[in-house]
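The structure appears right after this line, and notes come after that.
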Amino acid sequence: MTLIPADLRLALNVNGHASRIQRARERAFDPWPVVKFFNPIGAATWLATEIDSDGDTLFGLADLGFGCPELGCFSLAEIAAVRLPFGLAIQRDACFDPLGPLSDWTETARRLGSIRLAEKALLRRKLDRLLPDPPPGADRPGGGAGS
């Protein structure tokens, strides 16, 4: 699997350019993550929002599984070079849904201690917004009234 296909690389580059422009104007920039990488047999997870002009340095949220996700830069080449047991490597989540801006991911991941738990919470929040509230007195799915 290609870690960053052409369409995602383009989106990362666009965000990188926009970030540099916003910094030059002293404005905040809060893009949505473009790509998620993960260790298929471990806890490490990375969300990238942009790539530097060097084509290697990604910026985003990194969680190595120690309970303290951090914003910062990480190397695409280093992620691609990781070799895991059984011939596995770091993977790109092909079904990744960005769910919100990087600031939401960062706050939620820091509060919950991991990107994986943040993803569940942000997805739950998205679904709660999509589902209409039941009429007063109606039973909620999965349980009766008063359960």
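Before moving on, here are some points about what is shown:
- Gain in span if fully extended, Ala94 to Cys68, counting 0.36 nm per residue against the direct Cα distance: 6.9 nm
- R0 of 30 Å, Cβ-Cβ distance Glu107-Ile41: FRET efficiency to nearest 0.05: 0.60
- Difference of contour (0.36 nm per residue) and Cα-Cα distance, Ser75 to Ala24: 16.0 nm
- Efficiency of FRET from Cβ geometry, Arg125 and Asp54, R₀ 41 Å, rounded to 0.05: 0.70
- Residue separation of Val14 and Arg83 scaled by 0.36 nm, minus their Cα-Cα distance, works out to 21.9 nm of gained length.
- Residue with peak Gaussian network fluctuation, the chain [Cα springs, cutoff 10 Å], from Leu88, Leu123, Leu102: Leu88
Every read-out reported here was derived from the displayed coordinates using simple, explicitly stated rules and does not represent laboratory data. Keep in mind that this is a model prediction, so the values were computed, not measured. Neighbour counts run over all protein chains shown; Cβ positions are idealised from the backbone, glycine included.
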